[in-house]
Every structure is written in C-alpha cells, then in structure tokens.
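Heads up: the structure comes next, in structure tokens.
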Amino acid sequence: MKAVQYREIGAAPQVVTVPEPEAGPGQVLLRMTAAGVCHSDIAVMSMPADALRFPLPLTLGHEGVGTVAALGAGVTGLAVGDAVAVYGPWGCGTCPACAEGKENYCRRAAGLGIFPPGLGAPGAMAEYMVVDDPRHLVPLGGLDPVAAVPLTDAGLTPYHAIKRSLPKLVPGATAVVIGTGGLGHVAIQLLRAMTAARVIALDVTEEKLALAREVGAHDAVLSDAGAAAAVRGLTGDLGAQLVLDFVGAPPTVAAAGAMAAAEADVTLVGLGGGALPVGFGALAHEVAVCSPYWGSRAELGEVLALARAGALDVHVETYGIDEAPLAYERLHAGKINGRAVILPQG
Ligand code: NAD
Ligand code: ZN
Ligand code: ZN
C-alpha cells in the first residue's frame, strides 16, 4: 500500500510502498478515508536526530478518519464498514489520567513507549492503518469524513484550550486568537459557538484575516509590533480575558502577555519555541499561563457533536496521496487556507 513517510532527518516526506498492516489481537484495521496535515508534523521533521524520541521511518498523519476494514481477535462493538474518527493521543488506558479519558496526559505512555499514530506509531497518511484499541475510535455519526478529519486535532486541541477558560468568557469578555490557520480558524468558530465573547483574530496576511472574518471573528488585525496595543485599543484598554496563541513564537508570546487583562488566561498552543515569564509586575495581576496538549476522549466526542449541530465549518483543501509532499510544502510556506487534507485512496 502507499504511505506518506518521514524517512530521513531533515528530508522532505516521501510517498512510498509498504506492506499492508494487519490487526493483531485487540486491534482494529482501518481503510483510511482522510488524513489531516498539521503544522506539528513540520515541527517534528525539523527536529535534530537526538531530539526525536522514536525511530524512522515514520508514517505521518495524526488526524485520521476511516472505515473499519478488519477486527483483531477479541474486538467487539464495531462492525466492518463503520465510519470512525481516530482519537490520536494514545495512552495506556489504565492510569488515573487515562481512566478519566485524558489520555493526552497519560502518566505512563512515555515509559511504556506508547506513541500517537503519526507521531511515533504508524499514522493515518496511508491506505490502511492499525488502531491499537477500539477505545481510540469515535463513530463519525453521519459527518462528512473530509470536513471532520481536522476536528480530531485542529478541532480537539482548541476545544480543550477554550473549555478550561469558559468561566472567564462571560458576555462582554474578549478572546484573542493569534494565528488563524488550521487550529486557529476552528478556534474562532468554537469561541462563537460556545461563548458570547468578542473574538479578535491576529495573523500576518490579509488572506488569513479574511478567512478569520468569514468564520466569525468580530475583528481581525495584523499581527505585528503594534498588535498588543491594537487589542488594548479595541477593548477600552482592558485587554483580553483569554489569549490563545497558535504560533507560540517569542514575539507572539510576548504580545499575548502584553494584551492579557487582569485574571486572564494566556494559553500557548503553538510550538514556536517562545516562553512567557510569570512574576509580580511581569503581566497584569493574576494572569495564568499554560501550554496544553491535545484533548480528552470525551472532548473529541463533544467536538464531533458540535459539528453535527452545524456549528463548525472547517475549511479544507484536499490532496491525493501522491500530492502529500506538496501539501507540506504549501503549509510550510503559509499558503494553506484552513486545513490541508490528504485522501489516502486518491
Ligand atoms: P498553521 O500553519 O495551519 O497555522 C498557523 C497560522 O499562524 C498561519 O495562519 C500563519 O499565517 C500564522 N502565523 C505565523 N506567524 C504568525 C505571527 N507572527 N502572528 C500571527 N500569526 C502568525 O498551523 P496549525 O496546524 O494550525 O498549528 C498551529 C500551531 O499549533 C503549530 O505550532 C502546531 O505545531 C501547534 N499545535 C499544537 C498542538 C498542541 O497540542 N499543543 C496541537 C496541534 C498543533
Ligand atoms: Zn497536530
Ligand atoms: Zn495512561
């Protein structure tokens, strides 16, 4: 079968032919319908060899939707042909975090060598993939697979980041979204669906700002040295109650801190290498800073339910599997509007 693999440190991903996998006991084989292209893949492919925690080659794709092709011995509750989304942050299933469905914060995954698909285990950018346990599958429930596949990360990650701050997003509050790409353009829609907050979007091109307005941002401003002042200007000098930074680079992280109101949450999602010092006087009083990772199994169900309710319009560009390297090139160049989705059978 065809698979998109990262094979050599620093090299571009390649489309290669690999043996079709089989579902072992307790596992599920999926025939893949769609796989999303995330900027985190580019971060992984930019790491030096000593920072990579798993061996190459790696089949990419940590956003996946497919249909059940075969059930391993002992698997019940699923039938061949069922359309399912893959919950990506695989954990051990039994530690206190996993028991709550928060496998993204599994206490034991690293020690046991358990990796998410596409980030250590063979991923979704292939004609078939093996899912280690049926608990990592959520029924699609009638959603369009191509529009739904980004929800497994570009939806789930901002959903988790926003949900923890909901008590602060009362009517009259402001939420800022820095970086309105794959995650950011879904974050804007989640904020509009889940809160009455005013949403201000920041990005570096007019095209991205136009998408931000189209998906519901009340204001969209250029992310430059004047961005924090612009947000303060739009909020009567108060600042925002939630700042979501989907870039995470030193300048955006500094701006995120500077535009946070007293008691705000500053939530750093992007992997841009920035850090925000916390200390008396460094930020407005009682600002809380955190850097969350992905989301829980229950939250993935909630995001899919929100999509079924018609609240989310994920913008996608589709590519056949042979064009996957081009999709990564375009993402790297900042040219994707919304999310790129690979069609592994195409
Ligand atoms: P993307 O490339 O689709 O979107 C990034 C957006 O940021 C683009 O629209 C780009 O134009 C914009 N941007 C770049 N520089 C900017 C700046 N200085 N100011 C404002 N906007 C700027 O990427 P994505 O797939 O949405 O991922 C976003 C980030 O989140 C990446 O760093 C990714 O690795 C990370 N991520 C983190 C998690 C997590 O669990 N913490 C999960 C998924 C992705
Ligand atoms: Zn991702
Ligand atoms: Zn666990």
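Some points to look at:
- The sum of -39500 (n - 2.57) across all DSSP H runs of n ≥ 4, divided by the residue count of the chain, sets its helix-only mean residue ellipticity at 222 nm to -6500 deg cm²/dmol.
- Summarising the label geometry, the points placed 7 Å from Cα in the beta-carbon direction at I42 and T76 lie 4.7 nm from one another.
- Each Lys or Arg adds one and each Asp or Glu takes one away; over the other residues whose Cβ falls under 15 Å from the Cβ of G226, this sums to -3.
- Förster-model FRET efficiency, 22 Å R0, A309 and V170, C-beta, rounded to 0.05: 0.50
- Subtracting the Cα-Cα distance of K335 and V278 from their residue separation scaled by 0.36 nm leaves 17.1 nm.
- Placing unit charges on the Cβ atoms only, positive for Lys and Arg and negative for Asp and Glu, gives region 239-308 a dipole magnitude near 200 debye about its Cα centre.
- Considering only beta bridges that DSSP places wholly inside region 52-207, some 50 percent are antiparallel.
- Each Cα pair under 8 Å and six or more residues apart adds its separation to the average, and for the chain the resulting relative contact order is 19 percent.
- FRET efficiency, 1/(1 + (r/R0)^6) with R0 41 Å, evaluated for I9 and D144 via beta carbons: 0.65
- Put in order of Cβ neighbour count within 10 Å, fewest first, the listed residues C106, C92 become C92, C106.
- Residues whose placed amide H lies under 5 Å from that of V176, excluding near-sequence neighbours: I200, L242, V243, L244
- In the chain, taking the dipole from charged Cβ atoms about the Cα centre, the farthest positive-side position among N337, L169, G216 is held by L169.
- Separation in nanometres of the label points that stand 7 Å from Cα toward Cβ, at V16 and M194: 3.8 nm
- Computed P(r) (all Cα pairs; region 236-346; 10 Å bins; percent): 13, 27, 33, 21, 6, 1
- Listed residues G301, G72, G310, most fluctuating in the chain (Gaussian network, C-alpha, under 10 Å): G310
- Within the chain, percent of DSSP bridges classed antiparallel, to nearest 5: 50 percent
- Distance (nanometres) between label positions extended 7 Å along Cα→Cβ at H285 and L56: 5.2 nm
Read the figures in this text as sums done on the coordinates, not as results from a lab. Small disclaimer: the values here were computed from a predicted structure and weren't measured. So basically every Cβ, Gly included, is an ideal-geometry build from the backbone, and we count neighbours across all protein chains shown.
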